[in-house]
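Accompanying notes for the structure given below.
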Amino acid sequence: MVLATTPLAAIAVNTINPEYGQEWGVCGDLETATWSYSSDWRWNPTTKARFEAGFWNWVNDVHDHKGNRVLNKGGTTFVAEWADLGTTLHAETVCLPWDHRIRFNTRYYNEFYNGTYDMEAISTHEWGHAWGLGHVGKKDTWPAAQGYASMATCIAGSDQSRRSLSHDDEAAISIQDGTQVVRGYATASANSSFEESEFGGTEYWYGINVSTFYTTSSGGGADTTPRYAKFRGALVPSEIFNETMFNWYSGGWLKARANFKKDSSVDSGTVTILLGYQRLDRVGSCGELADLSSPIENWQWVARTCYPSTNWNYCTTAATAISGQHHRVIRTRVFVKNYMTRFGLPTYLRTDRDRVMVKGASVPW
Ligand SMILES: [Zn+2]
């Protein structure tokens, strides 16, 4: 994907096709899109429903930190059509200033129609390109069980798991969304304000020594968000973290920020915000991440300790410059470590808007 503020955004003509492994760029209006159907006989209620489901998978699932939809129907019209795309592609998205199309391969019409190939998953992937996203690589972030990326470089035609958005898919939109930019830094963590609801609001977050982790609207969150999270464990510290991978082409800065608040005025202790990042290389034609076998560097860590009060405050790590030309994947994590106690025992921390932030980088997704 591409930030709306990156140099690539200034390129008015986007003639590339992401399915051939090229970098993707701005594709029409990045926050609104709609479609019209070609007159092809292959458009029928079944194929139309699967195509449209791919659109709504994005619109219904991506929210900003206030819980509002980021993507909406309208704006740029993509012509949905069928074409002979040869034997290597299920579908492709064409993006020119005067021409926006999502094309399905006529050679696989029967498989799309009878369900051998999952047209909804493939439509979800193509709509990701329509929102301006490129490919993230083969895998989603850890753990893979959370879901494979719809915007993986290659997806099997039969893979229904690509219908639902992964952590990285949602993070790509959050990087792009101008409403979540603070002082030039864009949010690069999915569900950074716990507004997603599929798993009670804790979707994409993982715990270490956490015995209780839930979201609530009681009293309101940071930055007037409706919801925030509370967690604690039997030990100190208990910690939650979120991992995101994204392409990183050159330059830029990374930092991590979390908002937090005492659960009770009698609580005492600290919270530590920890940014982790690691550059990875790709291997293979589908851009598999060589994350376990050959990372080009070990995890790098930047920590900051802060003191919660009875009001919402935030804690931000030092900004870390990512220098040089990378053309690689960056894996990031933001940890929130809860050292709070109440009468000597571990207690809850209220936290919200916890995320890795990026600035000044060329970050095609
Ligand atoms: Zn693609």
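The values are calculated or read from the model by the stated rules, or taken from the named source; none is laboratory data. Worth saying up front: this structure is predicted, and the values here are computed from it rather than measured. For neighbour counting, all protein chains shown are included, and Cβ atoms are generated from backbone atoms with ideal geometry for every residue, glycine included.
Summary of values
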| read-out | value |
| --- | --- |
| Top-ranked residue of region 62-93 - restricted to ones that are within 16 Å of the ligand (Cβ to nearest atom) and not in a strand (DSSP E or B), ranked as farthest from Thr224 (Cα to Cα) | Gly86 |
| Residue in region 105-113 that is of a type in the set (Phe, Trp, Tyr), at pLDDT 90 or above and closer than 25 Å to Glu170 by Cβ present | no |
| Qualifying residue in region 247-265 (condition: at pLDDT 95 or above and surrounded by fewer than 17 Cβ atoms within 10 Å (Cβ to Cβ)) | yes |
| Test: Gln160 is at pLDDT below 90 and under 15 Å from the mean Cα position of the chain (by Cα) | no |
| Conditions (1) in contact with an Asp or Glu (Cβ under 7 Å, 6 or more places away or on another chain); (2) at pLDDT 90 or above; (3) within 30 Å of Met357 (Cβ to Cβ); number of the one not met by Glu81 | (3) |
| Only one of Arg342, Arg333 that is modelled with pLDDT of 85 or more, basic (Lys, Arg) and buried (at least 17 other Cβ atoms within 10 Å of the Cβ) | Arg333 |
| Region 341-360, subset assigned to a loop (DSSP other than H, G, I, E, B) and under 30 Å from the mean Cα position of the chain (by Cα), residue farthest from Asp168 (Cα to Cα) | Tyr348 |
